[in-house]
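> This is the structure I want to talk about, given as structure tokens.
The values are calculated or read from the model by the stated rules, or taken from the named source; none is laboratory data. All of these numbers come straight from a predicted model, not from anything done at the bench. Note that we place each Cβ from the backbone using ideal geometry, even for glycine, and neighbour counts take in every protein chain shown. The area values use the complete protein model at the heavy-atom level, side chains included, leaving out ligands, DNA and RNA. Shrake-Rupley method; radii C 1.70, N 1.55, O 1.52, S 1.80 Å.
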Amino acid sequence: MMGRPVLVLSQNMKRESGRKVQTGNINAAKTIADVIRTCLGPRAMMKMLLDPMGGIVMTNDGNAILREIQVQHPAAKSMIEISRTQDEEVGDGTTSVIILAGEMLAVAEQFLAQQIHPTVIISAYRKALDDIITTLKENSTSVDVNNREMMLKIINSAINTKVISRWSDLACSIALDAVKTVELEENGRKEIDIKKYAKVEKIPGGIIEDSSVLRGVMINKDITHPKMRRNIKNPRIVLLDCSLEYKKGESQTDIEITREEDFARILQLEEEYIQQICEDIIRLKPDVIFTEKGVSDLAQHYLMKANITAIRRVKKTDNNRIARACGARIASRTDELREEDVGTGAGLFEIKKIGDDYFTFITECKDPKACTIILRGASKEILAEVERNLQDAMQVCRNVLIDPYLVPGGGAVEMAVAHVLTEKSKAMTGVEQWPYRAVAQALEVIPRTLIQNCGASTIRVLTSLRAKHTQEGSQTWGVNGETGTLADMKELGIWEPLAVKQQTYKTAVETAILLLRIDDIVSGHKKKGDEQNRPAPEPAQD
């Protein structure tokens, strides 16, 4: 009786604890960081991924790569999560945040080996993070948002590391124009909603140079009746979200008819209803109507007689964009239509055939608050990648408009911050100074990776860069990502928004702290017999 072990956890649970978990977490984070280490900087390599459906994704955007990778390890999952957070918050810096977090954990490994308690390391990291943020603010310069050349430079430094760097001038101006278009100021609050109002339409075919931003909206629809006009100058536009056909009952309805005239009467009622709807519309003398629902043949006939072009089954989001572009209001019922609901802000309505499809263009708007970006390119994969890159560029532009402060790019700001941290750590006493200094070392991973990706000599360049930063007034020196030599970022014109950098550091350090806190992983493993029947449970963390 005495010698029998006491089983607390059920038989098929697996428990790892202590040092083993911490090294496991650190290794997982390092592995994820290694996957996308080569995707940093202008000399970035691409990754080609096959998704489960057999589609191909070719990209060097950190978030897009990690989205496609399936991982088992819980720590690796949280690493992938942070790149998504970064993408949603600021839209850029998805690669660097992973590399930084991986490095922060890697430098903590030696302290764990020396039996320093994780909480000591964590408090040092916290202190370092606060100092990093203050140093960033001191090193930042404000920027004039209306200076077009400067804005293009900022967006250019975000695009430089992407595939579209070949067409960087075109891409920069597209991103800037699109963001400037959708910018709205209400009661002193800036609202820039790229997702809703700057739609990217990808049309395979043509060349990338054909891409452009429309002063207005484009939708993938054709007219409902072939005799309707396809080209209208200064159109009056009405937007509806009700259907122009006879309403069917919600549930199944049966009507018993005893006399034949009643049947004719019912049909007549339907016709009169549609006629009434069309008259409500015709009263406003519009040229074009868009509706989110269907248009019956009879309604088409009436509208055509009144010389009105109708377009049906427009997406809700597209309808909202048209409303913002030409100043119309979306009406839910035809009898409520008033003069002010009509949009007169557009200068041209036309339908063009591109490739095989007809596209409706509403362009030359007076003051559009929504726009469509048309991308042309050789293949679907290229277009998807260009769209991802443009999203990044627009996000960067948005960040600068909302928070107009910049820090030098190219690893310059990392080195400057690392230098400040190293100096501060000399004044500290106790065990905390070592993890604190390690954060400074970890920051150097960004310039180091930039040098590595160029194929230059890492140690030599990094040492000379470190030496450069000890001199006064050389905070803007960093690595030229093209050649792997030292350069002044001010002269190269490589700037990054402060918001992006702050978010990168916050996310990276917080994740490192989170993963260092974990000292136990309990995962429930299924028995061999159930293997065929049910999917594996997620490993839980405590």
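> Out of the residues in the stretch 38-57 meeting the condition of being more than 29 Å from Glu482 (Cα to Cα) and among the aliphatic types (A, V, I, L, M), tell me which one is most open to solvent (accessible area, probe 1.4 Å).
Met53
> Restricting attention to the stretch 388-402, does a residue exist that is free of Cβ contacts under 8 Å to residues at least 60 places away in the same chain and either under 18 Å from Arg43 (Cβ atoms) or within 20 Å of the chain's Cα centre (by Cα) (or both)?
No, the stretch 388-402 contains no residue that is free of Cβ contacts under 8 Å to residues at least 60 places away in the same chain and either under 18 Å from Arg43 (Cβ atoms) or within 20 Å of the chain's Cα centre (by Cα) (or both).
Let's see how each residue does on (1) touching a Leu at 6+ places or on another chain (Cβ under 8 Å); (2) among the basic types (Lys, Arg):
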position: Arg313; (1), (2): no, yes
position: Asn319; (1), (2): yes, no
position: Gly343; (1), (2): yes, no
position: Asp357; (1), (2): no, no
position: Arg388; (1), (2): no, yes
position: Gln395; (1), (2): no, no
position: Asn399; (1), (2): no, no
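> For the stretch 305-350, what are the residues that are more than 22 Å from Lys369 (Cβ to Cβ) and open to solvent by 20 Å² or more (accessible area, probe 1.4 Å)?
Lys305, Ala306, Asn307, Arg312, Arg313, Arg333, Asp335, Glu336
> Between Arg84, Arg19, Arg43, Arg15, which is without any contact (Cβ under 8 Å) to a residue 60 or more places away in the chain and among the basic types (Lys, Arg)? Steps first, please.
Values: Arg19 fails: without any contact (Cβ under 8 Å) to a residue 60 or more places away in the chain; Arg43 fails: without any contact (Cβ under 8 Å) to a residue 60 or more places away in the chain; Arg15 fails: without any contact (Cβ under 8 Å) to a residue 60 or more places away in the chain.
Answer to the selection: Arg84.
> Turning to a different aspect of this structure: Any idea which of (1) open to solvent by 50 Å² or more (accessible area, probe 1.4 Å); (2) of a type outside the set (Ser, Thr, Tyr); (3) farther than 25 Å from Leu112 by Cα is the one Trp434 doesn't satisfy?
(3)
> Can you name every residue in the stretch 403-431 that is within 24 Å of the chain's Cα centre (by Cα), open to solvent by 10 Å² or more (accessible area, probe 1.4 Å) and not acidic (Asp, Glu)?
Within the stretch 403-431, Pro404, Tyr405, Gly410 qualify.
> What is the number of the single condition among (1) touching a Cys at 6+ places or on another chain (Cβ under 6 Å); (2) open to solvent by 80 Å² or more (accessible area, probe 1.4 Å) that Glu271 does not meet?
Evaluating Glu271 over (1) touching a Cys at 6+ places or on another chain (Cβ under 6 Å); (2) open to solvent by 80 Å² or more (accessible area, probe 1.4 Å) leaves (1) as the failure.
> Something else: If you check every pair at least six apart or on different chains, which have Cβ atoms under 8 Å apart with a residue in the stretch 178-202 that is in contact (Cβ under 8 Å) with a residue 24 or more places away in the chain first and a residue that is assigned to a helix (DSSP H, G or I) and open to solvent by 70 Å² or more (accessible area, probe 1.4 Å) second?
Lys190/Ile402; Ile192/Ile402; Lys196/Thr317; Lys199/Thr317; Lys202/Lys380
> From the set of residues in the stretch 441-481 that are charged (D, E, K, R) and assigned to a loop (DSSP other than H, G, I, E, B), which is least open to solvent (accessible area, probe 1.4 Å)?
Glu444
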